[in-house]
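The block underneath contains the structure these notes are about, expressed in structure tokens.
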Amino acid sequence: MGNKVSRDQGFKASRGNPLDALMPRCLSALALLLVVSNSSLATPMLGKINIEKHKYYDNVVIETGDEIEPKIMLLDNRLVLDFKGATVEKPSKQEVQNNPRIESVRMAQFSSDPLIARVVFDLKKGVKYDSSTLYGKGKVCLEISDDKKATFVKAATTDGEITPKIPAKVIVPDNSKEAELYRQLKQHVESRMISSEEALYRKLKTVTKKKLGKSKKTVAKTLSLEGKIIVVDPGHGGDDPGAMGPAGIWEKELNLKVAFFLADYLEAKGAKVYMTRKTDLHNSLKQIADFANNAKADVYVAVHFNSIDNSNICGTETYYYNDQSRSLAEDIHNRLLIGIKCPDRGVRKMAFYTIHHTNMPGVIVEPIYMTHFQEGIMIRSKTFQKEIARDISLGIEKFLNGK
């Protein structure tokens, strides 16, 4: 019995000091906490600045690496953006060619204490601007337009976007491979080797191996939108034709065609649909907004197709302004991405007139770029037009029914 070790003594001998055993675990947890804290406090870093010249404004995208809201100051000949708590990847200055509003853009570290990164746009004329953050993408989007009411908010329009009076020029693809494909397709049409838009669409799908969602042969029969009022606004019209793509068709015509298909889908689901126009005419922005408000609509949707002085730009954009409209924009945008499978160019908050002045959730949908050689040709197809209309209707249905 003299050599016997008690159970308690044996336990203590095998365990040692309890604090000694816990110490490595505490240190590991502390190290993990520091790593998580550091990652969550990562400093936003300004990177590439991309400027796109659109139909009636410049769209500027600044890569920030994280979500951050800049402080914006509009001076006499400069537009200044200060990003508090951010750094600059590399100081830079770039001249902006062939732009009526922007002379150059500069980026540098304005201050190290407090930490402030600054972007400066040197201007050629007075401008207006609007800004938004592309959620989840680490980018800040800035819209810069002329500070003239006749240019920024024009009366002769049929939608919530700003529209030009002069026709947009036809953009021919500048990429040699794309230009050759476009030339061959155009030659096919002119020589009647392809005798219809549908055949042209099939030819383009075969050549480019574009994968699109299958369109339904008939519209839905369920009455999931029964009792809902929806205003569909086909953009442009009358003496405002909108953009023209390489396929040689005006935007106002396509907007109306897709709007009719959209109305069919929505009515088949039981919705009451009001269209702002059914023929080739124009209405003022105020008339459009008042029409939707007087109809006491549940949803307002403007149908558009994009354009830009760069034939390589393509993809889907959806615009909203009021907070109540963001979910609608996201639902429609996501359905379009699933359906027509064009590149995702984001859901964007912009103060376009009708979506700013309508009382109900409202969006402007820009499914494709007419000035992109491939998308501009595909949109001539009735099948593709129906695919777009179907996807928009599914997004509206999801929003209204919370599916």
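Consider a paramagnetic label point 7 Å from the Cα of Ala351 along Cα→Cβ; state which residues of the stretch 293-337 have an amide N under 19 Å from it.
319-326
Arrange Glu52, Glu226 by Cβ neighbour counts within 10 Å, fewest through most, would you?
Going from least to most buried by this count: Glu226, Glu52.
Quick one: which residues, 5 or more positions from Leu115 or on another chain, have an amide H under 5 Å from its amide H? H modelled 1.01 Å from N in the peptide plane, none for Pro or chain starts.
Gly85
Where in the stretch 278-319 does the amide nitrogen come within less than 15 Å of the point 7 Å from the Cα of Ser92, taken along Cα to Cβ?
It comes to no residues whatsoever.
According to a simple spin-label model (label point 7 Å from Cα along Cα-to-Cβ), what is the distance in nm between Asp82 and Asp344?
My value for the distance between the label points is 3.4 nm.
Once the piece of chain linking Lys278 and Asn401 is laid out straight, how much longer is it, given 0.36 nm per residue of separation minus the C-alpha distance between them?
Full-extension gain reported as 41.5 nm.
Taking 0.36 nm per residue of separation and subtracting the Cα-Cα distance, what length does fully extending Gln287 through Lys48 add?
Working: separation 239, 0.36 × 239 = 86.04 nm, distance 4.03 nm.
Computed gain between Gln287 and Lys48 is 82.0 nm.
For the stretch 114-122, just list the computed ³J(HN,Hα) in residue order, Karplus coefficients 6.51, -1.76 and 1.60, θ = phi - 60°, integers in Hz, with x standing in for Gly and Pro.
Along the stretch 114-122, the couplings run x, 6, 9, 9, 10, 10, 10, 9, 7 Hz.
Relative to the present Cα-Cα distance, how much length would full extension add between Leu74 and Lys382 at 0.36 nm per residue of separation? Provide the component values of the computation, followed by the final result.
On the way: separation 308, 0.36 × 308 = 110.88 nm, distance 4.55 nm.
Between Leu74 and Lys382, full extension yields an extra 106.3 nm.
If the limit is 26 Å between Cα atoms, which of Lys53/Lys278; Lys272/Lys398; Lys137/Lys252; Lys128/Lys386 go over it?
Working: Lys53/Lys278 31 Å; Lys272/Lys398 17 Å; Lys137/Lys252 32 Å; Lys128/Lys386 36 Å.
Checking Cα-Cα distances, Lys53/Lys278; Lys137/Lys252; Lys128/Lys386 exceed 26 Å.
Per-residue HN-Hα couplings for the stretch 75-82, Karplus 6.51 cos²θ - 1.76 cosθ + 1.60 at θ = phi - 60°, whole Hz, x for Gly and Pro?
9, 4, 10, 9, 10, 10, 10, 9
The numbers here are math on the coordinates, done by the rules we state, and not lab data. Computed from a predicted structure; not experimentally measured. Cβ sites come from the backbone with ideal geometry, for glycine too, and all protein chains shown count toward neighbours.
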